[in-house]
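Below is one structure; the comments refer to it alone.
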Amino acid sequence: MVRKQEALDYHAQGRKGKIEVISSKPCATQRDLSLAYTPGVAEPCLEIEANPDEAYRYTAKGNLVAVISNGTAVLGLGDIGALAGKPVMEGKGVLFKRFADIDVFDIELNSHDPDEIIRAVRMLEPTFGGINLEDIKAPECFYIEEQLKKTMGIPVFHDDQHGTAIISGAALVNALEIVRKKIGEVKVVFSGAGAAGIACAKLYERLGVRRENMMLVDTKGVVFKGRKEGMNPYKEYFAANTEARTLADAMKGADVFCGVSVKGIVTKDMVKSMADNPIVFAMANPDPEITYEDATSVRDDIIMATGRSDYPNQVNNVLGFPFIFRGALDVRATTINEEMKIAASRALAELTKEDVPDSVLKAYGEKRIEFGKKYIIPKPFDPRVLLWEATAVAQTAMQTGVAKAPFTDIEAYRDSLEARLGKSREVSRFFIHKAQHEPKRIVFPEGEEEKILRAAHILIDEEIAKPILLGSRTLMRQKVAELGLDLEKAEFINPSKSHRFDEYVTAYYGARKRKGVTRFDAEHLMKTHNMFGMMMVETGDADGLISGLTQHYPETLRPALQIIGTRKGVKNVAGLYMMVFKNQTIFIADATVNIDPTSEELAEIALLAAEKAREFDIEPKIAMLSFSNFGSSKHPLVEKVRQAVQIVKKKAPDLAIDGEMQADTAVTPEIIADYFPFSTLKGAANILICPDLTSANIAYKLLARLGGAVAIGPILLGIRKPVYLLATGSDVSDIVNITAMAVFEAQRISDETTKRRVSSLAEIVSV
């Protein structure tokens, strides 16, 4: 439970409030200033005057939403005024940015007059790409939204109405599927007939609930035909032909309860009176209409959702508005219509049935989450919501004719959404796309591990690779069944029972008999999954291998070197990491293999790293790192690096490489330009070769933990065939991404004669 002082401190500490405005363009020089303001700013002004649509090209309008409130219905606090509601509106801005990369200005209007609010919002249309109405009391909120939608050419969305409706609608669809009830036959009771209650009823009707099977209950009791007190046209639409007058009456025999009202209004007896397998959405915040403990204590057949994060099935509006606006803005929708809302709800429902990523499990401290009574809607911190929901909304906007900037390439759009999640997701998506063109056979020696099985499911489902899983067939199939995975297209092999076992033993013994290996040793070693997997790759029965999830690095590397070995002309393998930052990507080596490399070995590592960069169509710029800048210190460790540079320059005179240099020099072009203009390295380096394993390992881990970089790797350099070694504890997404890279390399090897080049990656990972 959040304490009062803790909440106050959060908002008051450091920069006051929760949001700030930052510049998206450089403004460090007089020239920058002249471009940002006068005289340069006149040019986009004139372009927009000639064609108003150009505002979406030259300004932030297309990614800017106004969160507007008059503070008349703030959370459960009621009419506290526009100024007091400002922290909530700032919070909405944080959520828009955090979950969908949408910029926000919060605007608090000091008025209770609906027409005055309408006039004010209308005048804001030139500034914003969309309008999010927030915390405006009913029934005025209905009128305000209706009038604005009629007269404005940008999306207008009242989240208090539609947000709860969309998320709970997804929960309803899935809950009914679990209890095997038809949506057209269920009886639904709504507690609360304000903005959220009416909107939920409307959306549920569009999803298939029959109006005659709905009953609304407000502070005056059941909304029935002929009632006069506290009525309005919005309630009248749902007035029921019933003798029920109280909430208790209404809930008797009800299949679904949808609560958007007040704490404690539902009793245990009311829940007891509901139909078999009742569905209870007690969504009042911060305290529900009935507690989770009370409801589940009287019904063991219940499916329950609340608005709280400390119980299963949190109905949180953050699952809706950021992604709905993202999709709407990206196609320049003129409105958010009913079809788009339904599409958002169904996308959430379908996503719930997908395997939950490890990142989500970690965020919620769970070991396993799967579709069922306690998981009927996605978790708010599931990054996939952006991809599923925004795409569904954008597609529906185009299908219904309200998109002014439609597109045809859905995959490209999903890629753009991946990029908003971070550059690492964009890079990973690149490899996945390439892998999908020609999936290869990848063997997983740790096939009994849950993460490997879950990754294999994704690899098959997205057609990235053809997984070969090593282990006990019985155990693997048992785990597959327990996890609810579809691995029919995977190959399961028990090494000791394989028809190729004796053949592999003979081949290995023949290769190692003069290196102290007996036939008995060969048989014993071949029963280990890593050895067997390496033989599969060596003999061509597999195109690549992924291992290391549960093993120390040397345990996987050793059999790779013994069986597959290094490429012709390569003496030693090395480990390369791709460090992906928000705006750039660099490579670091050797972070995994060579403890204290010689000058010759450092030179080889640099050449191998450059070669790998070029495979990605990245022109390498290499910095050989030390604690010295071009002879500023004298020491054997410095001399080692200096000699390595000379070796590389002799072997590859056209390669952009220099050193020895310090790390800040390597990544700061101004330092080289100002202090070392003689350097052959111009601009920031994109490959950093560290002088030893200690420094490289420390560097990449600090960059990952403190620098905000995502580490992709390790990529094993110099090995003859694709073998990728996982970091201990890698999550499922890591396994999928590294497999895609292995497939990409296997494709390159198998099609080397064509020397296929890929230009788009250069744009993704270049500095």
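The values are calculated or read from the model by the stated rules, or taken from the named source; none is laboratory data. Because the structure is predicted, anything quoted here is derived from the model rather than measured. Here the Cβ is made from the backbone with ideal geometry for all residues, glycine too, and neighbour counts use every protein chain on show.
Scanning the stretch 20-72 for residues that are under 30 Å from Ala138 (Cβ atoms) and out of contact with any helix residue (DSSP H, G or I) (no Cβ under 7 Å at 6 or more places or on another chain) gives Leu64, Ala66, Gly71, Thr72.
Can you tell me which residue within the stretch 265-282, out of those that are closer than 17 Å to Gly197 by Cα and in contact with an Asp or Glu (Cβ under 8 Å, 6 or more places away or on another chain), is surrounded by the fewest Cβ atoms within 10 Å (Cβ to Cβ)? In this case the residue turns out to be Ile265. Checked against (1) of a type in the set (S, T, N, Q); (2) in a helix (DSSP H, G or I); (3) in contact (Cβ under 8 Å) with a residue 24 or more places away in the chain, Gln646 passes all but a single condition, namely (3).
Taken over the stretch 128-151, the criterion of being under 23 Å from Asn51 (Cβ atoms) and either of a type in the set (Asp, Glu) or exposed (fewer than 15 other Cβ atoms within 10 Å of the Cβ) (or both) is satisfied by Thr151 alone. I'm trying to understand the selection: among the residues of the stretch 240-255, which are out of contact with any helix residue (DSSP H, G or I) (no Cβ under 8 Å at 6 or more places or on another chain) and surrounded by 17 or more Cβ atoms within 10 Å (Cβ to Cβ)? If the condition is that a residue be out of contact with any helix residue (DSSP H, G or I) (no Cβ under 8 Å at 6 or more places or on another chain) and surrounded by 17 or more Cβ atoms within 10 Å (Cβ to Cβ), then Asp249, Ala250, Ala254, Asp255 are the ones that fit.
For the stretch 194-206, indicate whether the set of residues that are part of a loop (DSSP other than H, G, I, E, B), buried (at least 18 other Cβ atoms within 10 Å of the Cβ) and in contact (Cβ under 8 Å) with a residue 40 or more places away in the chain is non-empty. Yes, the stretch 194-206 contains at least one residue that is part of a loop (DSSP other than H, G, I, E, B), buried (at least 18 other Cβ atoms within 10 Å of the Cβ) and in contact (Cβ under 8 Å) with a residue 40 or more places away in the chain. Can Glu604 be described as buried (at least 17 other Cβ atoms within 10 Å of the Cβ), out of contact with any helix residue (DSSP H, G or I) (no Cβ under 6 Å at 6 or more places or on another chain) and either part of a strand (DSSP E or B) or assigned by TED's automatic domain parsing to the domain that holds Leu693 (or both)? In short, yes. The condition of being over 23 Å from Asn63 (Cβ atoms) and at pLDDT 95 or above holds for Ser345.
Restricting attention to the stretch 540-554, the residues that are in contact with a helix residue (DSSP H, G or I) (Cβ under 7 Å, 6 or more places away or on another chain) and surrounded by fewer than 18 Cβ atoms within 10 Å (Cβ to Cβ) total 0. Kindly indicate whether any position in the stretch 674-682 is part of a helix (DSSP H, G or I) and surrounded by fewer than 18 Cβ atoms within 10 Å (Cβ to Cβ). Yes: the stretch 674-682 contains one or more residues that are part of a helix (DSSP H, G or I) and surrounded by fewer than 18 Cβ atoms within 10 Å (Cβ to Cβ). In the set Ala403, Ala397, Ala363, Ala343, only one residue is out of contact with any helix residue (DSSP H, G or I) (no Cβ under 9 Å at 6 or more places or on another chain), hydrophobic (A, V, I, L, M, F, W, C) and farther than 28 Å from Pro722 by Cβ; that residue is Ala363.
The rows are residues; the columns are (1) touching a residue at least 40 places away in the same chain (Cβ under 8 Å); (2) of a type in the set (Lys, Arg).
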| site | (1), (2) |
| --- | --- |
| Arg15 | no, yes |
| Tyr58 | no, no |
| Gly85 | yes, no |
| Gly93 | yes, no |
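Screening Leu247 on (1) under 24 Å from Asn174 (Cα atoms); (2) aliphatic (A, V, I, L, M); (3) modelled with pLDDT of 95 or more shows it passes everything except condition (1).
The residues of the stretch 616-636 that are surrounded by 15 or more Cβ atoms within 10 Å (Cβ to Cβ) and not β-branched (Val, Ile, Thr), listed by number, are Phe616, Asp617, Pro620, Lys621, Ala623, Met624, Leu625, Ser626, Phe627, Ser628, Asn629, Phe630. Is it fair to say Leu761 is farther than 25 Å from Ile452 by Cα, touching a helix residue (DSSP H, G or I) at 6+ places or on another chain (Cβ under 8 Å) and either in a helix (DSSP H, G or I) or at pLDDT below 80 (or both)? Criteria met by Leu761. Scanning the stretch 699-715 turns up one or more residues that are part of a strand (DSSP E or B), surrounded by fewer than 22 Cβ atoms within 10 Å (Cβ to Cβ) and either of a type outside the set (Val, Ile, Thr) or at pLDDT 90 or above (or both). Of the residues making up the stretch 387-441, those that are under 30 Å from Glu538 (Cα atoms), surrounded by fewer than 20 Cβ atoms within 10 Å (Cβ to Cβ) and modelled with pLDDT of 85 or more are Gln436, His437, Glu438, Arg441.
Sort out which residues of the stretch 564-592 are outside any loop (DSSP other than H, G, I, E, B) and more than 13 Å from Tyr724 (Cα to Cα), and write them in order of number.
Thr566, Met578, Met579, Val580, Thr585, Ile586, Phe587, Ile588, Ala589
Applying the criterion of being among the aliphatic types (A, V, I, L, M) and in contact (Cβ under 8 Å) with a residue 24 or more places away in the chain to the residues of the stretch 346-363, the residue that is nearest to Ile452 (Cα to Cα) is Val356.
One line per residue, one yes/no per condition, for (1) under 28 Å from Asp301 (Cβ atoms); (2) out of contact with any Gly (no Cβ under 8 Å at 6 or more places or on another chain); (3) in the same structural domain as Arg346 (by TED's automatic domain parsing):
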residue: Val186; (1), (2), (3): yes, yes, yes
residue: Met214; (1), (2), (3): yes, yes, yes
residue: Asp218; (1), (2), (3): no, no, yes
residue: Gly230; (1), (2), (3): no, yes, yes
residue: Glu243; (1), (2), (3): yes, yes, yes
residue: Asp249; (1), (2), (3): yes, yes, yes
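I'd like to check something: does the stretch 217-229 contain any residue that is closer than 23 Å to Ala171 by Cβ and not in a loop (DSSP other than H, G, I, E, B)? Taking every residue of the stretch 217-229 in turn, at least one turns out to be closer than 23 Å to Ala171 by Cβ and not in a loop (DSSP other than H, G, I, E, B). Each residue in the stretch 442-460 was checked for being surrounded by fewer than 21 Cβ atoms within 10 Å (Cβ to Cβ) and over 20 Å from Ala746 (Cα atoms), and 4 pass.
The residue that is farthest from Ala403 (Cα to Cα), counting only those in the stretch 137-157 that are without any contact (Cβ under 8 Å) to a residue 40 or more places away in the chain and not β-branched (Val, Ile, Thr), is Tyr143. Scanning for something buried (at least 21 other Cβ atoms within 10 Å of the Cβ), in contact (Cβ under 8 Å) with a residue 60 or more places away in the chain, farther than 22 Å from Val360 by Cα and among the hydrophobic types (A, V, I, L, M, F, W, C), does the stretch 466-479 turn up at least one residue? Looking through the stretch 466-479, at least one residue is buried (at least 21 other Cβ atoms within 10 Å of the Cβ), in contact (Cβ under 8 Å) with a residue 60 or more places away in the chain, farther than 22 Å from Val360 by Cα and among the hydrophobic types (A, V, I, L, M, F, W, C). Any residue in the stretch 614-624 that is under 23 Å from Ala709 (Cβ atoms), assigned to a helix (DSSP H, G or I) and not aromatic (Phe, Trp, Tyr)? For the stretch 614-624, residues under 23 Å from Ala709 (Cβ atoms), assigned to a helix (DSSP H, G or I) and not aromatic (Phe, Trp, Tyr): present. Applying the set (1) buried (at least 23 other Cβ atoms within 10 Å of the Cβ); (2) of a type outside the set (D, E, K, R); (3) more than 23 Å from Ile735 (Cα to Cα) to Ala663 leaves exactly one unmet item: (1). Listed by position, the helices (runs of 4 or more DSSP H) enclosed by the stretch 39-158 that each have at least 1 residues that are β-branched (Val, Ile, Thr) are 42-50, 86-100, 114-122, 140-151.
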